[in-house]
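The values are calculated or read from the model by the stated rules, or taken from the named source; none is laboratory data. Remember, it's a predicted structure, so these values are computed and weren't measured experimentally. Here Cβ is always computed from backbone atoms with ideal geometry, including for glycine, and neighbour counts include all displayed protein chains. All accessible areas refer to the heavy atoms of the entire protein, side chains included, with ligands and DNA or RNA removed. Shrake-Rupley method; radii C 1.70, N 1.55, O 1.52, S 1.80 Å.
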Amino acid sequence: MLLTPSQTKESLLRKLRGVNQVPDLPIVLAPLLNYLQQPVDSMQVAEVVRLISRDKALTAQCLHLANSPLFGRWQPVDTVHGAVVALGLRRMREIATSCCLLNLTPRASKLDPVVFWEHALGCALASRHLARAVGFADPEKAYLAGLLHDFGILMHLWLAPREFQEAWEKARAAHIPLQDAEEEVLGVGHSETGRMLAERWRFGDPLVAAIGGHHDVAKVTAHRSLVAIVALSDVLCRMGGLNHGYSEERQVDMVEEPAFAVLSEEFPAIHTLDWERLTFELDTFVVEVHQLVNVVSCPK
Amino acid sequence: MSAGVMTAAAGPERARALDPQLFRIRDSIYQTTGMFQPDHTLRLLEERVMRRMQAIQVRTLREYREQLSGSPTAPAEVAKLLQEIRDGSQGFFRHPEQLQALRKIVLPRLVLDPSRKEPRTLRIWSAGCSTGEDAYTLAMVLMEESADRLKEFRCEVLATDADEAVLERARAGIYDDPSASQLTPHLREKYFTPLEDRWQVTSPVKAQIKFSQFHLLRDSPTEQMKGIDVIFCKDVLIYLDGLDKRRILHHFSRSLLPHGYIFLGSGESLHGIQEEFHLVHLPSTIAYVRPNSTLEAGN
């Protein structure tokens, strides 16, 4: 029998607080993710290469991404070291984290978990693009925040798969945002559970803010521009074919989104942003992300 | 296996790299015409550009890019390239995401608009309708909706073009197998009758449409171009400069009802051209509306 929303919420939060209930990072990914979180300036190429190369499947996935035009590579690379040299450590960090996220997605679920990764990757790319377009100083940070913004969905897939599936089916049938359906069915949205896990895994304040605040930007007090970039990119992806496996039936005026007002406080360039071009460029991401997912997501 | 030397399948063998000049040509076309071509369509653009390069005997992409801007013949060459790009883009039910957005978002909003006055009519204008495929598509969409959402509405499609010859073909409504485009066999059976080896649009569909000759730049809008709910204007503005685009958009703003929408062709943008209309995002497509005309219901 399914639990009521408040029972589900209590159970979820209990599991989140419990020492042994929250899954640990997989053994190969933990040192890599931890290493990738430090500033790029203090990273060593050899160590990144060693950490990625410990896992054959992860290596293959990273090379697929490194060879995608989405990451700026138009000539083939066939070794991790070659990829780091050609693309740089910053870009390699994006790629490795993207692959880690894919590998953290549970496979046992009845839902196709790949759609959530597609959305994450699309949002990461759009966030990087939008960050550059408005003059945000750290587009790579925007990429990572976009990639991890829906981390709470992973949480739900692990800890409440049946209830989460019900929420997803409800969202798909009514063509509404997943966050709204989660709040109805689970009693809590992925932004809240994602924030709790991100804090627990010590993701750092900017990422925690983006994960916890992207559905309610107006209430965010720190790292507001970063959160706004992720929130706008999230909406663009949800309207543009990189949603969570269904389309939201609504009309959006980006200028009237709360995140637009927040971002314009620090980055007035947003007022003259070419949204049309950004939207059309997202079409390229959609095609490329679908292709990538086909080759990257094969089970190990 | 030692770190860094491990090789793995680096994905399907990657295709030949695109010439960076192609990206510049894409950007130049966007700046001049407002038509954007995403990266995944650049191979196709390359083919079209090669055809034009052969036609005007230009050898390199760089030289061809120079032909597209700065030279006195640039506007003519841009127009010819656009024709190559848009060649064969006519067809029934093209841009299905626009039609979905029309049915799922736009029509419900229009129908629920409290400012709508009696009599309850809904009017769509296909501006630059060419041989009529878009106009008939819109008429069919409205007929599909008439049993349900538009039950109490009188619907009409106004279809105009400057070229009387293409209008004649549009009025006749006779086409090669229309299901070769995105039209399903079911809709073909419903809205077409076989005519030897071709297909003709049925009379009830034709009755939904008023065809008339109208030059968007030279002619003054008539009374029948007032009170429009939605304008579809595809592959027209891309051939015009900024000034002419603005003139036409100004006409459109006088024709449209306060809540009206404009849909353009695929990849067409009005960015930087005008401020009368706002961009809105609909599922997998975009459209333009007047500011403050965004209805709260359903958003």
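Structure above, values below:
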{"quantity": "Per residue accessible area in Å² of the protein assembly as shown, where ligands, DNA and RNA are left out and the probe is 1.4 Å", "calculated": "43"}
{"quantity": "Length-normalised contact order of region A:65-177 in % [C-alpha pairs under 8 Å, at least 6 apart]", "calculated": "20"}
{"quantity": "Dimensions (Å) - chain A, Cα atoms, principal axes, largest first", "calculated": "52, 48, 33"}
{"quantity": "Computed over chain B: relative contact order in percent, which uses C-alpha pairs under 8 Å that are six or more apart", "calculated": "18"}
{"quantity": "Rel. contact order, % - alpha carbon contacts under 8 angstrom, at least six apart, chain A", "calculated": "20"}
{"quantity": "Overall form of the protein assembly as shown per C-alpha gyration tensor (a/c, 1.5; a/b vs b/c)", "calculated": "prolate"}
{"quantity": "Anisotropy class of region A:129-213 from Cα gyration tensor, a/c 1.5 cut", "calculated": "oblate"}
{"quantity": "Rounded to 5, percent antiparallel among DSSP beta bridges of chain B", "calculated": "40"}
{"quantity": "Greater than 27 Å apart at Cα, pairs in B:Lys80/B:Lys206; B:Lys104/B:Lys190; A:Lys110/B:Lys104; A:Lys219/B:Lys104", "calculated": "B:Lys80/B:Lys206; A:Lys110/B:Lys104; A:Lys219/B:Lys104"}
{"quantity": "Helix runs (DSSP H) in chain A reaching 27 Å along axis by Cα, Kyte-Doolittle at least 0.0", "calculated": "A:114-134, A:275-296"}
{"quantity": "For region B:20-86: rounded, prolate or oblate by the Cα gyration tensor [a/c cutoff 1.5]", "calculated": "rounded"}
{"quantity": "Net +/- balance of residues flanking B:Arg51 in space, Cβ distance below 11 Å, scoring K and R +1, D and E -1", "calculated": "-1"}
{"quantity": "Under 10 Å, Cβ to Cβ, from A:Gly122 - net charge with Lys/Arg +1 and Asp/Glu -1", "calculated": "-2"}
{"quantity": "Neighbourhood net charge (14 Å Cβ-Cβ; Lys/Arg +1, Asp/Glu -1) for B:Thr60", "calculated": "+1"}
{"quantity": "Fraction of accessible area attributable to carbon and sulfur, the protein assembly as shown (%, probe 1.4 Å)", "calculated": "51"}
{"quantity": "Helix-only [θ]222 nm of chain B, DSSP H runs n ≥ 4, -39500 (n - 2.57) each, per residue, nearest 500", "calculated": "-11000 deg cm²/dmol"}
{"quantity": "Helical mean residue ellipticity (222 nm; -39500 (n - 2.57) per DSSP H run of 4+; nearest 500) of chain A", "calculated": "-20000 deg cm²/dmol"}
{"quantity": "Residues whose placed amide H lies under 5 Å from that of B:Leu256, excluding near-sequence neighbours", "calculated": "B:Ile228"}
{"quantity": "Chains B and A together, accessible area buried on both sides, 1.4 angstrom probe, square angstrom", "calculated": "3600"}
{"quantity": "Debye-sum result for region B:96-289 in log10 I(q)/I(0), which assumes one identical scatterer on each alpha carbon, at q = 0.14 Å⁻¹", "calculated": "-0.81"}
{"quantity": "Neighbouring partner chain Cβ atoms per residue of A:281-293, average, 10 Å criterion", "calculated": "3"}
